Structures are given as structure tokens and as C-alpha cells.
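Shown next, in C-alpha cells, is the structure this report addresses.
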Amino acid sequence: MFSDLAAPKADPILGLTKLFADDTSPDKVDLGIGVYKDEAGEVPVLATVKAAERWLAETQTSKRYLSSAGNDAFNSATRALLFGAGTDAFTRSRTVQAPGGTGALRLGMDFLRVARPGGRVFVPTPTWTNHGHLLAAAGCEIVHYPYYDVATGNLRFDEMMEALRGLTEKDVLLLHGCCHNPSGADPDAEGWKAIAETLERSGALPFVDLAYLGFAEGLEEDAHSVRLLAQRLPEVVIASSYSKNFALYRDRVGALTIVGTNAADSDRAHAHLMPLARALWSMPPDHGAAVVAHVLQDKALAADWRRELAEMRTRINTVRAALVKHLAGAPRDYAFLGHQRGMFALLGLSPDAVRTLREEHHVHMTGTSRANVAGLNMANVERVATAIASVSDL
Ligand code: LMR
């Protein structure tokens with residue numbers, strides 16, 4: 001009977017929504033789920049998205065089915081964004097549209113059972129909480145590797161490389177392409193080179209989660225990781241998302257890109273993705289993908305979108321710098337937050353401190369003390385910094 005079902009555990013990120021809604025303080029600050037907010041605290045629809053939606057409403061003549069691969073123009077524009085149009089990686093890759101980055105991850109994980117049967121998936125500690133759920137749902141065996149030291153705010157690079165020596169050619173290495181979630185700490189160019197070499201030696205397959213392209217330094221700079229891996233290695237799998245860089249969260253726009261040794265191999269892999277997608281969602285929703293394709297294919301709109309993205313990135317970097325500045329006198333040295341990139345700052349607070357922040361200061365973040373920096377603005381950052389400083393010893 002359904003009445004026998006035990007209540008499931010609340011999702012560590014989505015579960016925060018209710019706590020925030022229940023907080024009646026007029027000063028409450030939401031640093032929970034990863035969405036970009038502007039200075040006024042709104043989650044805006046980009047002007048370029050609005051323009052493309054108007055174009056779509058006027059020109060779309062049919063809503064007939066597309067295919068399990070989704071929107072072809074979107075898929076091609078995604079490969080161009082990832083690798084540059086006409087590059088070797090562009091030519092030897094294939095993309096399938098998916099419902100959000102989560103859909104792309106799940107499709108890719110189902111594909112692993114075909115591409116690397118019996119292989120293990122090496123997952124960074126910490127990582128996005130949903131990775132574990134997705135891998136479990138896809139029936140993948142997980143091996144955790146050390147990635148980031150919450151206590152010091154540094155990458156555990158040497159320990160990570162030591163752990164990666166255990167990779168075999170049957171295995172898969174899950175990586176965050178940029179703006180690691182939750183730590184905001186990424187390997188530098190040398191680090192990526194070392195990771196690529198380890199993968200080259202072991203023959204393991206890199207599976208890159210690229211949900212924040214354009215939020216660290218820029219579109220080209222942030223694509224360095226996937227470009228390097230595609231250049232150095234025969235095969236790469238990339239799950240990318242347009243939730244953040246196009247602010248299309250609820251429209252669920254993502255893509256799974258497979259880079260093979262050559263175009264024929266990628267076509268073979270692509271053919272395997274079709275029945276997997278058919279069993280998961282049959283065909284992905286078109287609206288958001290059609291919007292992205294139109295923006296990326298229209299020179300003027302694409303330039304405007306790059307500007308809108310740069311504005312989001314710049315605002316995040318500005319409030320991050322302000323947070324670090326206002327934390328200068330805190331009992332703990334928070335300078336490390338200044339080196340983290342993208343939406344998130346992992347503060348390294350205890351669960352008690354996080355609870356006190358929420359209950360006494362009305363500042364909401366995940367239980368692991370991951371703060372969405374984009375939830376800050378020049379009006380609240382000093383108060384939030386003072387609150388964080390006051391709970392740093394708990
Ligand atoms: C996050 O990490 O907050 C975002 O990726 C949103 C989500 O679905 O968890």
C-alpha cells in the first residue's frame with residue numbers, strides 16, 4: 001500500500017525551497033539553488049531569449065515530432081560552441097539534444113553501459129549531489145576520488161592524481177568542465193594537461209559535466225578543458241547545459257556530445273543513443289533548443305547573448321570580490337573564496353553554522369555550506385559576510 005511508504009529524504013538542493021518560502025523575515029537571502037539573479041534579486045529572461053521566442057512564435061509553422069536526437073540546428077550549434085566550427089573535434093563529434101544537463105547526464109550514463117560495460121565511474125568528492133542519484137539510477141558502479149579539501153579551500157590535486165592511477169581502460173572519469181559544483185575550484189591548464197595524460201595512459205573515458213560554460217572566464221576560456229581532452233584523447237563524452245548561460249532553467253535545454261576517434265565511430269555511438277533516448281523521453285522538448293539554435297546562428301543575436309553572458313559573469317565576480325572583502329576580519333581566512341569560479345562558493349562551515357545562518361540570520365544555503373554567490377548583491381553582501389563571520393567558529 002502507498003500508506004506503507006516511508007517518506008523519502010528531501011533533496012539537499014531542491015528541499016531548500018520550502019525552508020526559504022517558510023522564512024517570514026523580510027531580510028531573507030536565498031543562496032541555495034544555482035540560478036543566476038540580477039542586482040534586484042530577479043531571475044531574468046535574457047533579452048536575446050525573448051527576441052528568439054518572438055521570432056519562433058511568428059515563424060514556427062508546425063509542432064510535428066522531430067526525432068530522438070532533437071533539434072539538428074541546436075545540435076550542430078552546440079558542437080560549434082564546444083569546439084569551434086570546423087575543428088577536428090567538431091568534425092568527429094555528434095550531439096543529441098536532451099532535457100537539461102540532467103537529461104544529458106542520464107542519457108550519457110545509460111550509454112556507458114553500452115560503451116564501457118562493467119566499468120566503474122570515478123566521481124570527485126565533493127560533487128553535485130544529483131550525480132550520485134543519476135549514476136545509481138543508471139546502474140553505474142561508483143568509485144569516489146578526492147578532489148577538494150573543504151577545510152583548506154584547496155584542490156587535493158596530488159591525492160586526486162594518485163587515485164586516478166587506479167583507472168583502467170574499462171573505467172570512466174567524471175569531471176566538471178569548469179566552475180566545479182559545489183566547490184568552484186577548477187584545475188589550472190597544467191592540471192588539465194596532467195589529467196589528460198592520465199587518461200591517455202589508462203585508456204579510461206572522460207565524461208565531462210559542463211553546466212556552467214561561460215561563467216568562469218569566458219566561453220572560449222571555459223571550453224579549454226573539453227577542447228584539450230578532445231584533442232588529446234580518442235573519445236570524450238560531454239553533458240552540457242543551457243540552463244545557466246541562457247537562463248533557460250525551466251525549459252530544460254541540454255545536450256550530450258560524443259567525440260569519437262572519427263566521424264564514423266561517432267555515428268555508431270549516436271545510433272546507440274537513439275534507442276536509449278527513446279526509452280527515457282522519446283523526444284526532447286523543442287522550444288528552448290529552437291531558441292538557443294536561433295540565437296547562436298544569428299550573428300547579431302549571438303553577439304548580444306555573449307554580452308548578456310559577460311554581464312552575468314561580471315556581476316558574479318563583483319559580488320564574489322565584495323564578499324571576500326567584507327569577510328576580511330572574520331575568524332577564518334576566507335581569501336580562498338576569491339580563487340573559486342562560477343556561481344558557487346563552498347564556505348566550509350559546519351552544519352550547525354549553516355543552521356544558525358538560516359535560523360538567526362535568514363541566510364539560506366545548502367547544508368554543505370555551498371553558497372550561490374549570484375544570490376548576493378551590493379545591498380546584502382556586507383550583512384551576509386558579517387553573518388558568515390559570526391558563525392565561522394561554530
Ligand atoms: C544546483 O546545483 O543548484 C543546480 O545545478 C540546480 C540543481 O538542479 O541542483
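The values are calculated or read from the model by the stated rules, or taken from the named source; none is laboratory data. A quick note: this is a predicted structure, and the numbers were derived from the prediction, not measured. For neighbour counting, all protein chains shown are included, and Cβ atoms are generated from backbone atoms with ideal geometry for every residue, glycine included. Each accessible area value is taken on the protein alone, full model and side chains, heavy atoms only, with ligands, DNA and RNA left out. Shrake-Rupley method; radii C 1.70, N 1.55, O 1.52, S 1.80 Å.
List of remarks:
- Matching entry among 76, 62 (being modelled with pLDDT of 95 or more, closer than 30 Å to residue 231 by Cβ and not charged (D, E, K, R)): 76
- Residue match in the stretch 27-46 (condition: farther than 18 Å from residue 244 by Cα and either more than 16 Å from the ligand (Cβ to nearest atom) or in a helix (DSSP H, G or I) (or both)): yes
- In the stretch 141-158, residue nearest to the ligand (Cβ to nearest atom) [restricted to those that are in a loop (DSSP other than H, G, I, E, B) and hydroxyl-bearing (Ser, Thr, Tyr)]: 147
- Unique match (being without any contact (Cβ under 8 Å) to a residue 60 or more places away in the chain, buried (at least 19 other Cβ atoms within 10 Å of the Cβ) and either of a type in the set (Gly, Ala, Ser) or touching a strand residue (DSSP E or B) at 6+ places or on another chain (Cβ under 8 Å) (or both)) among 254, 288: 288
- Filter pass, residue 136 being within 17 Å of residue 281 (Cβ to Cβ), of a type in the set (A, V, I, L, M) and modelled with pLDDT of 95 or more: no
- Qualifying residues in the stretch 93-126 (those that are closer than 15 Å to residue 238 by Cβ and either among the hydroxyl-bearing types (Ser, Thr, Tyr) or open to solvent by 20 Å² or more (accessible area, probe 1.4 Å) (or both)) - the one nearest to the ligand (Cβ to nearest atom): 102
- Residue in the stretch 64-79 that is least open to solvent (accessible area, probe 1.4 Å), counting only those that are of a type in the set (Ser, Thr, Tyr) and assigned to a helix (DSSP H, G or I): 78
- In this structure, residue 342 qualifies as assigned to a loop (DSSP other than H, G, I, E, B) and buried (at least 20 other Cβ atoms within 10 Å of the Cβ).
- Selection status of residue 250, within 22 Å of the chain's Cα centre (by Cα), within 16 Å of the ligand (Cβ to nearest atom) and either modelled with pLDDT under 95 or within 23 Å of residue 148 (Cα to Cα) (or both): no
- Of the residues 353, 321, 328, the single one that is without any contact (Cβ under 8 Å) to a residue 60 or more places away in the chain, in a loop (DSSP other than H, G, I, E, B), more than 16 Å from the ligand (Cβ to nearest atom) and over 19 Å from residue 154 (Cβ atoms) is 328.
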